[in-house]
Every structure is written in C-alpha cells, then in structure tokens.
1. Share of antiparallel DSSP beta bridges in the chain, in percent to the nearest 5?
2. Tell me what the chain gives for mean residue ellipticity at 222 nm when only DSSP H runs of n ≥ 4 count, each as -39,500 (n - 2.57), the sum divided by the residue total, rounded to 500 deg cm²/dmol.
3. Mind putting a number on the dipole of segment 1-105 about its Cα centre? Charges go on the C-beta only, +1 for Lys and Arg and -1 for Asp and Glu, and I need it in Debye to the nearest 20.
4. Less than 19 Å apart at the alpha-carbon level, and either on another chain or at least 8 residues along: which aspartates and glutamates does that give for Lys63?
5. Check the straight Cα-Cα distances from Lys135 and name the aspartates and glutamates below 13 Å, setting aside those fewer than 8 residues away within the same chain.
6. Which is the longest stretch in the chain that no exposed loop site breaks, taking sites as trypsin sites (Lys or Arg not before Pro) with a DSSP loop state and at most 10 other Cβ atoms within 10 Å?
7. Rg (Å, one decimal) plus Dmax (Å, integer) for the alpha carbons of segment 21-142?
8. I need to check one value: relative contact order of the chain, counting alpha carbon pairs closer than 8 Å and at least 6 residues apart, in percent.
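Quick note: the coordinates plus some simple rules give every number you see, no bench work behind them. Since the model is a prediction, treat every value here as computed from it, not as a measurement. Cβ: placed from backbone, ideal geometry, glycine included. Neighbour counts: every protein chain shown.
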Amino acid sequence: MRSNLTFTYRNWTFNFSFKGRITVVDGDTSTGKSLFCDSLARAVNNDPSGNLKKISVYNSLYKCDLAALQGRSNEFIVIDNADIILNDDIAEYIAEDLNNQYLIFARQPWDFRITPDNFAALINSNNEFSIEYFKVPGWEDV
C-alpha cells in the first residue's frame, strides 16, 4: 500500500500522503481534482523510471466498471468524477476489496465503509497540490 504519491507534471507538483486503503477527496468545481487525475494519467504513460507503475486512473473518459476492477491486485486506483461513473455495485466492490488502494474524487458520499478521517480536501498552494484530511474529533489516526 502506498503511503504517499509524489510527482511533477509540467508546472504542477503533487505530493499526497495516504492514511489507509481508501481516501475520498471532496471538493468544489475547479479546485484541481480533474487536473490531478489528468496529470497523473499522463505522467503514468510517460514514466521511464517506473515509479508510477501499478497505477490506474479512471474518469469520465476512461470508464470504471466492475469488470475493470475485478482481478486487479496491489494497484493504486484513482477514480475521478465518482459521483458520475460509480454505481452501488462498484462502491460495494471497492468497500470489500482488500487487494488494492483507492483514491476517489467525489462530491457525494458513497458507502465505502470508511471512517470519517479517511475524507480529505485538495489543497493548492502556488501549483503545489496536497491533500489535507478532515479532522474529526475522536477519529484522529484511527
């Protein structure tokens, strides 16, 4: 399981730290969620070092369906626009999938059976992006 993901694409730097198997990032329109996913997809396809292997990115262009997820193992799976491309069957599969790690960008909650401290916001400071986990009293680092 990845504890972090750091890469630079064009003039954007992304440095994310992860707490667990599923991280859900919420955010308003135009905060950089799709920019991150598009940049990561391009960086994965142009990664001569191999540091970004075993990463899959799904969005409204690269559809995520149950068949695409089944059978994967030890992968880092990023899903953008989850509220558009997920359904209850895929959400249930993700909740029960112990073989992969997920970073999910969604505006509506899904039942992934995760604790409140697995929800985060995307932070942009001068083209350097990170995620900041919500601080929920009683759920810190559970």
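1. Details: 12 of 29 bridges.
Antiparallel bridges make up about 40 percent of those DSSP assigns within the chain.
2. Details: 4 runs with 30 residues, N = 142.
Estimated from H runs of four or more residues: -5500 deg cm²/dmol.
3. Details: 10 positive and 13 negative charges, 125 e Å.
Here the size comes out at about 600 debye.
4. Once the sequence-local aspartates and glutamates are set aside, what remains near Lys63 is Asp38, Glu75, Asp80, Asp83, Asp88, Asp89, Glu92, Asp97.
5. Filter leaves Asp117.
6. Values: sites that count: Arg10, Lys53, Lys63, Lys135.
Of all site-free stretches, the longest is 64-134.
7. My reading of the Cα-based Rg and Dmax gives 14.3, 43 Å.
8. Result for the chain is 31 percent.
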